[in-house]
Amino acid sequence: MRNFKAEQDNEESTILFRFTMGRAFEFRKERKFKRWGHMARVFTKIGKEITIAVKQGGPDVTGNPRLRALIQTARSENMPKDNIERAIKRATDKDQADYKEVVFEGYGPHGIAVLVEAATDNNNRTVANVRSYFTKSGGSLGTSGSVDYMFDRKCMFRMKSANPYDLEELELELIDYGVEEIFEEENENEEMEIVLYGEFTAFNAIQKWIEENGYELVAAEFTRLPNVELKVLEGDAKADVEKLIERIEEDDDVQNVYTTMQP
């Protein structure tokens with residue numbers, strides 16, 4: 001005799017299982033697409049920086065410390081070797097338009113200062129795009145120097161050591177090379193890395209010290225840190241600024257976006 005109750009329970013369990021697995025699949029797919037989107041933007045950004053570094057210092061890594069550091073950064077982001085080689089080749093291609101590094105300054109919604117770094121081969125296009133992002137968000141693009149003074153330019157390094165080290169002794173030694181802050185941080189693979197922040201002009205000196213003292217250079221970059229009290233926004237106000245930042249970051253010409261909003 002058929003057990004209709006058991007069959008019904010099994011059918012409901014199957015439907016629930018498929019529904020749950022479907023949601024899990026969609027969640028994983030969404031995360032994967034976001035990761036791919038992030039990777040694409042990072043690869044584009046590093047590729048442009050490599051091209052600019054080659055234009056400025058040549059394709060020979062032994063004589064171009066900035067290029068050496070960028071290649072290490074590219075590898076730490078799992079950027080394919082072909083992408084790196086194409087970026088270097090692009091810089092030596094006579095038909096390739098030069099990238100120009102430009103900075104945009106302005107105010108987003110709720111009085112948040114925003115500084116945008118871009119690398120573009122068409123300045124008119126980039127200016128028009130960035131201005132439209134500010135305007136649509138209720139903000140305004142400012143003049144040069146309008147918010148730049150609110151940020152300090154710094155260099156940042158991530159390095160690893162296969163040998164034991166004393167962080168305090170390391171800090172005392174690196175002060176003479178322009179390092180202002182040093183601390184340990186776990187990366188995505190749960191490996192401990194040493195993070196260094198230093199003066200903007202100390203980039204080459206710090207990189208040379210890392211390479212000559214047996215440390216593995218993981219990544220290096222220039223960055224900007226706010227030197228003013230950060231504004232605390234919540235709810236819709238914070239969402240307004242985050243929407244502006246997202247719009248700007250999605251532009252292929254944009255390299256970095258900095259704000260005076262507390263994370």
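The values are calculated or read from the model by the stated rules, or taken from the named source; none is laboratory data. This one's a predicted model, so the numbers in the text were calculated from it and none came from an experiment. Note that each Cβ is placed from the backbone with ideal geometry, even for glycine, and that neighbours are counted across all protein chains shown. Surface accessibility is based on the protein's heavy atoms, side chains included, excluding ligands, DNA and RNA. Shrake-Rupley method; radii C 1.70, N 1.55, O 1.52, S 1.80 Å.
Data for the structure
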{"read-out": "Odd one out for residue 132 among (1) part of a helix (DSSP H, G or I); (2) open to solvent by 40 Å² or more (accessible area, probe 1.4 Å); (3) of a type outside the set (A, V, I, L, M)", "value": "(2)"}
{"read-out": "Of all residues in the range 135-162 being among the small types (Gly, Ala, Ser) and closer than 25 Å to residue 76 by Cβ, the one that is least open to solvent (accessible area, probe 1.4 Å)", "value": "161"}
{"read-out": "Failed item in (1) farther than 23 Å from residue 252 by Cα; (2) in a helix (DSSP H, G or I), with residue 154 passing the rest", "value": "(2)"}
{"read-out": "Number of the condition not met by residue 177 [criteria: (1) over 25 Å from residue 260 (Cβ atoms); (2) open to solvent by less than 70 Å² (accessible area, probe 1.4 Å)]", "value": "(2)"}
{"read-out": "Tabulated pairs, the range 111-126, first more than 10 Å from residue 258 (Cα to Cα), second small (Gly, Ala, Ser) and open to solvent by 10 Å² or more (accessible area, probe 1.4 Å), C-beta under 6 angstrom, 6+ apart or interchain", "value": "121/97"}
{"read-out": "Any chance residue 192 is open to solvent by 90 Å² or more (accessible area, probe 1.4 Å) and either modelled with pLDDT under 95 or within 23 Å of the chain's Cα centre (by Cα) (or both)", "value": "yes"}
{"read-out": "Residue check for residue 168: open to solvent by 90 Å² or more (accessible area, probe 1.4 Å), farther than 30 Å from residue 136 by Cβ and either part of a strand (DSSP E or B) or in contact with an Asp or Glu (Cβ under 9 Å, 6 or more places away or on another chain) (or both)", "value": "no"}
{"read-out": "Residues located in the range 93-148, provided they are among the acidic types (Asp, Glu) and modelled with pLDDT under 95", "value": "93, 95, 98, 101, 121"}
{"read-out": "Identity of the residue in the range 241-263, under 16 Å from the mean Cα position of the chain (by Cα) and open to solvent by 80 Å² or more (accessible area, probe 1.4 Å), that ends up farthest from residue 107 (Cα to Cα)", "value": "252"}
{"read-out": "Verdict on residue 138 being in contact with a Gly (Cβ under 7 Å, 6 or more places away or on another chain) and within 26 Å of residue 227 (Cβ to Cβ)", "value": "no"}
{"read-out": "Condition met for residue 116 (under 26 Å from residue 243 (Cα atoms), assigned to a strand (DSSP E or B) and of a type in the set (Val, Ile, Thr))", "value": "yes"}
{"read-out": "Unmet criterion (only one of (1) part of a helix (DSSP H, G or I); (2) surrounded by 12 or more Cβ atoms within 10 Å (Cβ to Cβ)) for residue 201", "value": "(2)"}
{"read-out": "Count of residues meeting criterion [out of contact with any helix residue (DSSP H, G or I) (no Cβ under 8 Å at 6 or more places or on another chain) and open to solvent by 80 Å² or more (accessible area, probe 1.4 Å)] in the range 76-106", "value": "6"}
{"read-out": "Residue 190 being over 23 Å from residue 67 (Cα atoms), of a type outside the set (A, V, I, L, M, F, W, C) and in a strand (DSSP E or B)", "value": "no"}
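For every residue, the table says whether it meets (1) touching a helix residue (DSSP H, G or I) at 6+ places or on another chain (Cβ under 9 Å); (2) more than 30 Å from residue 111 (Cβ to Cβ); (3) without any contact (Cβ under 8 Å) to a residue 12 or more places away in the chain; (4) among the basic types (Lys, Arg).
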residue: 180; (1), (2), (3), (4): yes, no, no, no
residue: 194; (1), (2), (3), (4): yes, yes, no, no
residue: 209; (1), (2), (3), (4): yes, yes, no, no
residue: 226; (1), (2), (3), (4): yes, no, no, no
residue: 231; (1), (2), (3), (4): yes, no, no, yes
